1. Picking from Arg10, Arg43, which residue would you name as being within 21 Å of the chain's Cα centre (by Cα) and among the charged types (D, E, K, R)?
2. Picking from Ile59, Ile16, which residue would you name as being at pLDDT 95 or above, closer than 18 Å to Ser122 by Cα and not hydroxyl-bearing (Ser, Thr, Tyr)?
3. Condition first: of a type in the set (Val, Ile, Thr) and farther than 21 Å from Gln45 by Cβ. Now tell me which residues in the stretch 66-117 satisfy that.
4. Which condition breaks for Gly30 when tested against (1) farther than 26 Å from Glu103 by Cα; (2) within 17 Å of the chain's Cα centre (by Cα)?
5. Does the stretch 64-76 contain at least one residue that is within 30 Å of Glu103 (Cβ to Cβ) and of a type outside the set (Val, Ile, Thr)?
Amino acid sequence: MNRFMQRLSRGFEYLIVLASVIMLGWGLLGSLEYFTGLAPLMRLQNAAFPPGMQTLHWILITASGATYLAGYVLRWSFTPIAMLVMFTALATMCAVQTFDMLENPDRYRNFAQECVNYIIISIYLFRSKRMRDRFGRITIEGGDRASLLSA
């Protein structure tokens, strides 16, 4: 069973890397289209979003993918915290888009699913042994926090 859990954890780790590559690519393509009008694969802009929201949308998506990939490759100890900040910004932006701009019938379900994904990934980044081994001390567990704070 332990070996199965290790494989599952490794699979989830690689899934987060893949999702970050997709986010970075999507953000770069969206930014290219937004700033130049070129849409090499398909149109990515959402007409329901005003220009300021569109700009923020592409900046946050690009930055979140780039932040995780850079942190992962460099084994940056603040990667979990940086991603928590990115997820908070993305969820906030998504909330504004969902409640103020979007009109599709699945918008609330999509918003909830996005937030659940952010929560699951955040818990994994902070609590899994695999991520503690990769990013180091910033992902310490419960009892160790008191001794660190008093040091």
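1. Arg10
2. Ile16
3. Those that are of a type in the set (Val, Ile, Thr) and farther than 21 Å from Gln45 by Cβ: Thr67, Val73, Thr79, Ile81, Val85, Thr88, Val116.
4. Of (1) farther than 26 Å from Glu103 by Cα; (2) within 17 Å of the chain's Cα centre (by Cα), only one is false for Gly30: (1).
5. Among the residues of the stretch 64-76, at least one is within 30 Å of Glu103 (Cβ to Cβ) and of a type outside the set (Val, Ile, Thr), which makes the answer yes.
The values are calculated or read from the model by the stated rules, or taken from the named source; none is laboratory data. What you see is a predicted model, and the numbers here were worked out from it, not measured in a lab. Note: ideal-geometry Cβ built from the backbone for every residue, glycine included; neighbour counts use all protein chains shown.
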